[in-house]
Amino acid sequence: MPGRSVWLRVLGVVDSVLECLVEEPDGSLVAHVRPKRRQRQRCGICGRRSPFYDQGEGRRRWRGLDVGFTRFFLEAAAPRVTCQVHGVVVAQVPWARHRSRYLRAFEDQVAWLATQCSQKACSQLMRLDWQTVGRIITRVVDEACRGSDRLDGLERIGIDEISWRKGQRYLTLVIDHASGRLVWAAEGRSRKVVDSFFELLGPQR
């Protein structure tokens, strides 16, 4: 099939080989792919090269961004490997985060929309239930924060509280005034909650 690499770029799939594109009876488009050789047999959690364990539950599908008005899915094998640290886990795939059934491009789009509109609007636009939107946001944020510390380099902070549910439920928030970023949040609004932030910050910082 000519232009396979172009199709992969359009579909938001990286470090992979496109085997074929199939149109399903319901009109959805399914790309059958496999990771490139250097991306195979890696732990889904830490990315270390690991021995092959078994074929897992067989082939899986991941949902991608719609192609125009057409639903798009990616299908591939999902073998398991034996990681020295994490044990038997599903092998890493370059197009999706661990334990996710959505492409990275899809999850990144959902997370961005969640910062621009309500969770309800995001759910309706992406055709997801709101619990799924929340889980996607958690995965994207966890990955973005990995290897970095939001509390490093703080010089001026603001501490405030917001109500987040009926029945006097509050969150305590800490903002970095230099960047305007939220750097810490916890449920409650007591002295104990604020003290837990300064304990995490540590005496030197």
Worksheet entry | Anisotropy class of the chain from Cα gyration tensor, a/c 1.5 cut | prolate
Fill in: Calculated FRET efficiency for the pair Glu19/Arg71, C-beta based, R₀ 22 Å, to 0.05
0.70
Item to complete: Please get the size of the charge dipole for the chain, origin at its Cα centre, with Cβ charges of +1 on Lys and Arg and -1 on Asp and Glu, quoted in debye to the nearest 20.
Response: 460
Discussion item. List the residues, sorted by chain then number, that are 5 or more residues from Leu65 or on another chain and whose placed amide H is less than 5 Å from its amide H.
Written reply: Phe106
Worksheet item: Reachable aspartates and glutamates from Lys120, Cα under 13 Å, same-chain residues fewer than 8 places away excluded?
Response: Asp129
Worksheet item: Arg150: net charge of surrounding residues, Cβ under 15 Å, Lys/Arg +1, Asp/Glu -1, itself excluded?
Response: -2
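Please tell me the relative contact order of the chain in percent, rounded to the nearest whole number, where contacts are Cα pairs under 8 Å and at least six residues apart.
Numbers: 325 pairs, mean separation 25.8, N = 205.
After rounding, I find 13 percent.
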Worksheet entry | Qualifying lysines (Cα of each under 26 Å from Cα of Lys192; at least 8 residues distant if same chain) | Lys166
Worksheet item: Of all accessible surface on segment 57-205 at a 1.4 Å probe, what whole percent is carbon and sulfur?
Response: 51
Practice prompt. May I ask for the angle, rounded to the nearest 10°, between helix 191-201 and the longest principal axis of the chain, with both axes built from Cα atoms and the value confined to 0 to 90°?
Written response: 60
Fill in: Dipole of segment 13-98, positive direction: furthest Cα of Cys46, His98, Val30, with charges on the beta-carbon
Cys46
Worksheet item: Put +1 on the Cβ of each Lys and Arg and -1 on the Cβ of each Asp and Glu in segment 126-205; which of Val133, Ser190, Leu200 then has its Cα farthest toward the positive end of the dipole?
Response: Val133
Worksheet item: When the chain is fully extended, how far beyond the present Cα-Cα distance does Phe198 get from Leu125, taking 0.36 nm per residue of separation?
Response: 22.3 nm
Worksheet entry | Listed residue (Ala178, Cys145, Gly12) projecting farthest to the positive dipole end of the chain, Cβ model | Gly12
Worksheet item: In terms of modelled amide H atoms, which long-range or inter-chain residues lie less than 5 Å from the amide H of Tyr53?
Response: Arg80, Val81, Thr82
Worksheet entry | Placed amide H near Trp184: partners under 5 Å, 5+ positions off or other chain | Val174
Discussion item. How charged is the neighbourhood of Gln84? Take every other residue with its Cβ under 14 Å from the Cβ of Gln84, and add Lys/Arg as +1 and Asp/Glu as -1.
Written reply: +3
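The values are calculated or read from the model by the stated rules, or taken from the named source; none is laboratory data. Computed from a predicted structure; not experimentally measured. Cβ coordinates were reconstructed from backbone atoms using ideal geometry, including for glycine residues, and neighbour counts include every protein chain displayed. To get the accessible areas, we keep the full protein, side chains included, count just its heavy atoms, and leave off ligands, DNA and RNA. Shrake-Rupley method; radii C 1.70, N 1.55, O 1.52, S 1.80 Å.
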